[in-house]
1. Any idea which of (1) outside any loop (DSSP other than H, G, I, E, B); (2) surrounded by fewer than 18 Cβ atoms within 10 Å (Cβ to Cβ) is the one residue 63 doesn't satisfy?
2. Residue 84 - would you say it is acidic (Asp, Glu), surrounded by fewer than 21 Cβ atoms within 10 Å (Cβ to Cβ) and more than 19 Å from residue 32 (Cα to Cα)?
3. Could you grab the pairs with beta carbons closer than 6 Å, sequence gap of 6+ or different chains, first residue in segment 13-28 and under 17 Å from residue 59 (Cβ atoms) and part of a helix (DSSP H, G or I), second one open to solvent by 20 Å² or more (accessible area, probe 1.4 Å) and acidic (Asp, Glu)?
4. Within segment 78-101, take every residue that is of a type in the set (Gly, Ala, Ser) and under 16 Å from the mean Cα position of the chain (by Cα) and give me the one that is nearest to residue 67 (Cα to Cα).
5. Please give the number of the condition residue 56 fails out of (1) modelled with pLDDT under 80; (2) in contact with a Ser or Thr (Cβ under 8 Å, 6 or more places away or on another chain); (3) part of a helix (DSSP H, G or I).
6. Restricting attention to segment 68-86, does a residue exist that is part of a helix (DSSP H, G or I) and either in contact (Cβ under 8 Å) with a residue 40 or more places away in the chain or in contact with a Gly (Cβ under 7 Å, 6 or more places away or on another chain) (or both)?
7. Is one or more of the residues making up segment 43-57 among the β-branched types (Val, Ile, Thr) and either surrounded by 21 or more Cβ atoms within 10 Å (Cβ to Cβ) or more than 14 Å from the chain's Cα centre (by Cα) (or both)?
Amino acid sequence: MEFCGTELAHTQVMRSGFERYPFVWTALFDLYSGFCFDFEIARRLFDELSKGNAVSWTTMISGCARPGKMSNALLLFDEMPERDVSSWGVVIAGCIQTGLF
């Protein structure tokens with residue numbers, strides 16, 4: 001994996017104790033999936049999030065959809081407990097960008 005700086009942010013979050021806040025955890029897996037394209041770490045962080053909400057689910061789906069990994073995005077979308085307008089928008093945009101629509 002190429003160093004992209006996200007690891008520094010992750011280390012700082014852990015040192016400062018902010019890992020217990022879901023919005024910080026969501027930002028971390030958004031960084032890993034969106035800037036480093038490290039979906040393995042992003043997915044592990046997502047799975048460690050004890051209480052995922054619509055924002056965290058949509059963020060992870062978006063992280064998969066951005067680089068065109070729509071099969072992963074659609075699997076997550078199928079697992080999503082409650083879908084909202086934002087999550088539908090991310091999936092539709094991803095499908096359009098990858099030619100699925």
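1. (2)
2. Yes, satisfied.
3. 13/19
4. That would be 94.
5. Condition not satisfied by residue 56: (1).
6. yes
7. Here is the first cut: in segment 43-57, the residues among the β-branched types (Val, Ile, Thr) are 55.
Still in the running and either surrounded by 21 or more Cβ atoms within 10 Å (Cβ to Cβ) or more than 14 Å from the chain's Cα centre (by Cα) (or both): none.
No, segment 43-57 contains no residue that is among the β-branched types (Val, Ile, Thr) and either surrounded by 21 or more Cβ atoms within 10 Å (Cβ to Cβ) or more than 14 Å from the chain's Cα centre (by Cα) (or both).
The values are calculated or read from the model by the stated rules, or taken from the named source; none is laboratory data. All of these numbers come straight from a predicted model, not from anything done at the bench. Cβ: placed from backbone, ideal geometry, glycine included. Neighbour counts: every protein chain shown. Accessible surface is based on the protein model in full, side chains and every heavy atom, while ligands, DNA and RNA are left aside. Shrake-Rupley method; radii C 1.70, N 1.55, O 1.52, S 1.80 Å.
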